[in-house]
Amino acid sequence: MTSSHPTPAPCQWFSRLARPLDRRSAPRLALLFLGAILARGRRTVTTWIRAAKLGGQYQSCYIAVAAAGKKADHIARRLLIEVVFPLLKGATRLTLALDDTPTKRYGPHVQGAGVHHNPTPGPAGSPYVYGHVFVVLGLLVTHKTWGTIALPLLSRLYVRKKDLPAIDPKHRPAFRTKLELAVELLRWVKPWLDLLNLPIWVVADGAYANKEFLKPAASLGMTVVSRLRKDAALRSLPRPKPPGRRGPAPTYGPDVIDLAKRAGQRRGWSSDTFELYGEKVVKKYKTFLATWRPAGGVIRVVLVDEPTGWRAYFCTDTSASVADILGMVADRFSLEITFRECKQIVGAGQQQVRFIWANIGAFHICLWTFTLTEAWAWGRKDEELVDRSGSPWDKVSRRPSHADKRRAWRRELLGEEIRAVLRAGVTEEEIQAAADRLLSLAA
């Protein structure tokens with residue numbers, strides 16, 4: 001499978017992605033992409049600006065970040081078609097992952113920020129966090145040695161209804177639930193993924209297993225895999241309509257299915273070996289068909305016997321195998337890893353901006369630089385990305401982390417600057433300026 005769009009070189013990605021902006025902001029956004037890659041320490045927007053040598057235009061840079069937030073859909077489309085599509089060569093199915101993630105913020109004047117549930121409070125953390133919550137759409141791609149990686153494409157900022165009045169009416173978005181934002185992301189990506197003419201599957205957290213999400217996804221022709229509540233109101237398959245009876249055939253069966261009773265029965269369990277999280281494991285499972293109103297009809301249910309208790313999953317494609325369902329549930333965890341890397345390595349949430357569109361733009365720049373870094377490292381050997389000679393305790397078989405890939409790309413970008421300075425006829429002032437810049441980035 002190939003894309004009809006030309007693949008730009010990595011050095012051209014920044015300018016190609018910035019083209020949806022006007023001619024004044026586009027060059028600055030392209031340089032801010034470079035600055036976001038080169039920045040070290042606390043990755044605020046000012047750190048990006050210093051790394052991109054745009055200190056004299058800092059006010060215009062903040063405008064460019066906000067403009068990136070307003071044009072996020074257009075930039076994400078270019079990222080998908082020109083950068084991500086070439087990584088899907090040989091794919092037989094497209095898998096999307098959806099979830100929401102909070103980013104901590106500080107200060108009372110940050111537009112759109114509020115108190116949200118903290119999914120990872122930690123040993124001493126609070127169950128709530130003040131900041132932003134973004135619903136993120138990622139595309140799962142499989143590398144031959146690194147396994148499944150979630151590449152974030154686009155997100156939507158979720159703002160609670162009670163926090164909307166604090167936003168200037170001129171820039172205040174309409175209230176939408178997380179489910180509505182997730183459906184909006186699916187509708188955005190649908191026409192572009194259709195260019196590849198491949199089936200589209202969506203794996204989401206159990207919080208999205210709701211009719212407000214499942215039925216629009218079905219209308220888009222997408223198959224959904226998610227976790228099923230243990231008290232889900234399942235029913236049996238519908239009985240055939242008696243001959244001569246008027247009206248449509250029944251959609252739902254007459255009998256109630258109790259998942260707890262199904263899981264508690266000793267008979268009916270099967271065991272098989274599945275490849276999950278990069279390893280082969282033996283799972284004990286049950287699978288059957290049932291009808292469920294939120295899905296609008298028949299679904300395939302899979303019960304898995306885990307050491308901590310049984311769990312239930314479902315798929316809206318009744319022909320899906322147990323291996324497909326459990327494999328996608330395991331692959332969804334790669335999106336959680338992406339969230340962690342975007343916050344700890346890329347610095348998502350550290351940008352110290354207040355305006356709502358600047359917050360959206362800054363978060364997307366973090367997501368996009370993560371995807372760009374993974375795409376840059378995709379075809380390179382592990383030896384090019386990480387040097388473990390100084391860490392003899394490290395495992396040679398361990399795949400390069402995102403931090404390793406980011407450092408390798410930073411070295412290549414800085415190497416290009418050095419080679420540009422070492423051209424024939426370079427002056428001593430140019431060499432000194434280059435040395436000062438490299439020292440400031442390294443310190």
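The values are calculated or read from the model by the stated rules, or taken from the named source; none is laboratory data. Worth saying up front: this structure is predicted, and the values here are computed from it rather than measured. All Cβ positions, glycine included, derive from the backbone under ideal geometry; neighbour counts span all protein chains shown. All accessible areas refer to the heavy atoms of the entire protein, side chains included, with ligands and DNA or RNA removed. Shrake-Rupley method; radii C 1.70, N 1.55, O 1.52, S 1.80 Å.
At-a-glance table
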| quantity | calculated |
| --- | --- |
| Neighbour net charge for E82 - beta-carbon separation under 11 angstrom, K R +1, D E -1 | +4 |
| Length gained when the stretch V256-D168 is fully extended (0.36 nm per residue, less Cα-Cα span) | 26.7 nm |
| Net +/- balance of residues flanking R266 in space, Cβ distance below 14 Å, scoring K and R +1, D and E -1 | +4 |
| Gain on full stretching of the segment that runs from R266 to I81 - 0.36 nm per residue minus C-alpha separation | 61.6 nm |
| Accessible area of the chain divided out per residue, in Å², using a probe of 1.4 angstrom | 51 Å² |
| For the stretch 251-404, with +1 on Lys and Arg beta carbons and -1 on Asp and Glu, the positive-most of I345, P254, G309 along the dipole | P254 |
| Along the chain, longest interval not containing exposed chymotrypsin sites (Phe, Trp or Tyr not before Pro), exposed being DSSP loop plus at most 14 other Cβ atoms within 10 Å | 278-392 |
| Shape of the stretch 196-333, Cα gyration tensor, a/c cut at 1.5 | oblate |
| Residue-by-residue Karplus 3J(HN,Hα) for the stretch 266-276, coefficients 6.51, -1.76, 1.60, Hz, glycine and proline x | 6, 7, x, 7, 10, 10, 7, 9, 10, 9, 10 |
| Trypsin sites (Lys or Arg not before Pro) restricted to the stretch 102-166 and DSSP loop, no more than 15 other C-beta within 10 Å | K144, R160 |
| Helical mean residue ellipticity (222 nm; -39500 (n - 2.57) per DSSP H run of 4+; nearest 500) of the chain | -11000 deg cm²/dmol |
| Computed magnitude of the charge dipole of the chain (debye, nearest 20; Cβ of K, R +1, Cβ of D, E -1) | 1340 debye |
| Per-residue HN-Hα couplings for the stretch 131-141 [Karplus 6.51, -1.76, 1.60; θ = phi - 60°; Hz; x = Gly/Pro] | x, 9, 10, 10, 8, 10, 9, x, 10, 7, 10 |
| ³J(HN,Hα), Karplus 6.51/-1.76/1.60, whole Hz, each residue of the stretch 349-354, x for Gly, Pro | x, 9, 6, 6, 10, 10 |
| Given charges at Cβ of Lys, Arg, Asp, Glu: the stretch 250-383 dipole, positive-most of T318, L367, I356 | T318 |
| Added length on full extension, which subtracts the Cα-Cα distance from 0.36 nm per residue, R42 to T308 | 91.9 nm |
| At R0 = 51 Å, FRET efficiency that the Cβ-Cβ distance of E417 and K211 yields, to 0.05 | 0.40 |
| Loop trypsin sites (Lys or Arg not before Pro), the stretch 60-103, which have at most 15 other Cβ atoms in a 10 Å radius of their Cβ (DSSP) | K89, R93 |
| Surrounding net charge for G138, when Lys and Arg each add one and Asp and Glu each subtract one, Cβ distance under 14 Å | -4 |
| Cα-based convex hull volume of the chain per residue, rounded to whole Å³ | 199 Å³ |
| Relative contact order [Cα under 8 Å, 6+ residues apart], the chain, whole percent | 17 percent |
| Nearest-0.05 FRET efficiency for K89 and A218, computed from C-beta distance (R0 35 Å) | 0.75 |
| Share of carbon and sulfur in the accessible heavy-atom surface of the chain [1.4 Å probe, %] | 52 percent |
| Inter-label distance for S321 and E428, nm, one decimal - labels placed 7 Å from Cα along Cα-to-Cβ | 7.1 nm |
